[in-house]
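K.L.:
Below you'll find the structure I mean.
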Amino acid sequence: MGGSGASPYYGLIPLEDCTLFTMNSRDASTGSRGFSRAYRPTRRGDLFLHVIERGCSDLVLIGITGPLTGRMLTGNADGFWGPNVSSAPDFLAWYERWLNHMAAGQDNRALALTSPQLRAHPIRQRLAH
């Protein structure tokens with residue numbers, strides 16, 4: 001991909017602007033986990049790279065170390081809702097799924113995948129299976 005470009009939400013972040021995060025411990029009151037920025041190498045936890053801008057404190061990340069290496073996650077930095085690990089095995093499969101949905105005019109609310117075709121014809125909404 002090489003840099004910024006089309007993707008779900010607000011687009012891919014240019015590689016030089018991507019930042020590292022660690023996943024916080026589970027919050028006892030909500031059961032959710034947030035993310036904290038990792039300003040330098042850490043042994044505190046697995047590392048995740050923020051690769052897609054989603055807005056506010058919401059993040060789209062790819063696992064860099066640990067058992068989720070290569071997997072795509074959506075989460076909230078403040079832990080307002082727990083992280084969601086994509087069923088796609090890696091970034092390329094995740095991105096191709098998004099491209100296929102866009103080409104077919106399908107919508108996937110879980111990934112905020114709304115195709116230009118659906119924007120033009122909101123009554124003819126079709127959900128991806």
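K.L.:
If I filter region 83-108 down to residues being on the phi < 0 side of the Ramachandran plot and assigned to a loop (DSSP other than H, G, I, E, B), which single residue comes out as least open to solvent (accessible area, probe 1.4 Å)?
P.N.:
By that ranking, first place goes to A88.
K.L.:
Oh, and also: Quick one: what pairs do we get from region 19-46, first residue polar (S, T, N, Q), second surrounded by 10 or more Cβ atoms within 10 Å (Cβ to Cβ) and modelled with pLDDT under 75, C-beta under 8 Å, 6+ apart or different chains?
P.N.:
Cβ pairs passing all conditions: T22/T42; T22/R44.
K.L.:
Considering only residues that are modelled with pLDDT under 85 and on the phi < 0 side of the Ramachandran plot, which ones fall in region 55-82? Please lay out each step first, then the result.
P.N.:
So in region 55-82, the residues modelled with pLDDT under 85 come out as 55, 81-82.
Across region 55-82, the qualifying residues are W81, G82.
K.L.:
Residues in region 66-79 that are in a loop (DSSP other than H, G, I, E, B), out of contact with any helix residue (DSSP H, G or I) (no Cβ under 9 Å at 6 or more places or on another chain) and surrounded by 14 or more Cβ atoms within 10 Å (Cβ to Cβ): how many? Before you say what the answer is, go through the steps one by one.
P.N.:
Within region 66-79, the subset in a loop (DSSP other than H, G, I, E, B) is 66-68, 70-71, 77-79.
From what is left, the residues that are out of contact with any helix residue (DSSP H, G or I) (no Cβ under 9 Å at 6 or more places or on another chain) are 66-68, 77-79.
From the residues that got through so far, the ones that are surrounded by 14 or more Cβ atoms within 10 Å (Cβ to Cβ) too are 68, 77-79.
Matching residues across region 66-79 total 4.
K.L.:
Sort out which residues of region 43-65 are of a type in the set (A, V, I, L, M, F, W, C) and either touching a strand residue (DSSP E or B) at 6+ places or on another chain (Cβ under 6 Å) or open to solvent by less than 40 Å² (accessible area, probe 1.4 Å) (or both), and write them in order of number.
P.N.:
Those that are of a type in the set (A, V, I, L, M, F, W, C) and either touching a strand residue (DSSP E or B) at 6+ places or on another chain (Cβ under 6 Å) or open to solvent by less than 40 Å² (accessible area, probe 1.4 Å) (or both): L47, F48, L49, V51, I52, L59, V60, L61, I62, I64.
The values are calculated or read from the model by the stated rules, or taken from the named source; none is laboratory data. No experiment lies behind these values; they were computed from the predicted model shown. Because the Cβ atoms are built from the backbone with ideal geometry, glycine has one as well, and the counts that use them run over all protein chains shown. In case anyone asks, the SASA skips ligands and DNA or RNA and just uses the protein heavy atoms, side chains included. Shrake-Rupley method; radii C 1.70, N 1.55, O 1.52, S 1.80 Å.
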